[in-house]
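What follows is a single structure, written as structure tokens, with notes after it.
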Amino acid sequence: MGAAKKRLDVVPEPMTVEEFLDWPGDVNGTKYDLVDGFPRAHAAPSDEHGTIQSRVATLITLHLDKTRPECRVVVGSGVRPLFRAKWNFRQPDISVTCKPNVKGARYIPEPSVIVEVLSPSNRAETWDNIRNFMTLPSVREIAIIHSTRVFAELLVRSDAGEWPTDPAPLMADDILRLHSLDFEAPVTAFYRGTYLVA
């Protein structure tokens, strides 16, 4: 059966990434990742999740426009992890790449920074995605912004190419620094517009 004819409730066998990208999805317009050959639905984002995602994308975009105009923020597009690449396609909340956009491209080219907004409804999926993002050799930093409290975590790949065993915690009064982009902002800046900050 062709991928374009497959329905979510009738997926008899794993899909490849190519089949997944041709798959029309379900009738509700739900967003999916491809996880080991099977579609995994994204939980509907909360107002806080969407507001934080927008703030992070805006702050990084404004910084890049001034300092690194060759770089750009990409919201919601896909990456293809190296582990079981034929069967996995993930869509981070925010990615930064310094490679040019190519017409019709289905993947973010060489993302250097990934930001995920972590909500209670997507905790397990988010950490699973992060482990997959760590397989991409171009990724230098991964920031995790929590949506129910003013708190962030940061993973930074070492010069030797290794990731730490645990992310560094960032409290409300800390500064989040993305050294690969020469970007920094108070953690609280990502929460403006939410009930979490005054």
Run the accessible area of the range 110-196 with a 1.4 Å probe and give the carbon-and-sulfur part as a rounded percent.
-> 52 percent
Rounded to the nearest 10, the angle in degrees between the Cα long axis of helix 47-67 and the longest principal axis of the Cα atoms of the chain comes to 70 degrees
Simple spin-label estimate for Ala124/Thr165, 7 Å along Cα→Cβ, in nm, reads 2.5 nm
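Before rounding to the nearest 500, sum -39500 (n - 2.57) across all DSSP H runs of length at least 4 in the chain and divide by the residue total; then give [θ] at 222 nm in deg cm²/dmol.
It lands at -6000 deg cm²/dmol.
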Could you tell me the distance between the Cα centroids of the range 138-198 and the range 44-107, to the nearest Å?
-> 15 Å
When the Karplus curve 6.51 cos²θ - 1.76 cosθ + 1.60 is applied with θ = phi - 60°, which whole-Hz ³J(HN,Hα) does each residue of the range 176-181 get, with x for Gly and Pro?
-> 8, 10, 10, 5, 5, 10
Two-site FRET efficiency, Asp174 against Asn28, from Cβ-Cβ distance with R₀ of 30 Å, rounded to 0.05 | 0.15
So what's the Cα pair-distance distribution over the range 73-127, bin width 5 Å, in %?
-> 4, 19, 26, 25, 17, 6, 2, 0
Among rounded, prolate and oblate, which fits the range 15-81 when a ≥ b ≥ c are the square roots of the eigenvalues of its C-alpha gyration tensor, a/c under 1.5 means rounded, and a/b larger than b/c means prolate?
-> oblate
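The values are calculated or read from the model by the stated rules, or taken from the named source; none is laboratory data. In this text, all values refer to a predicted model and were calculated from it rather than measured experimentally. As a convention, Cβ positions derive from the backbone with ideal geometry for all residues, glycine included, and neighbour counts pool all protein chains shown. Keep in mind that these areas ignore ligands, DNA and RNA; they rest on the heavy atoms of the full protein, side chains included. Shrake-Rupley method; radii C 1.70, N 1.55, O 1.52, S 1.80 Å.
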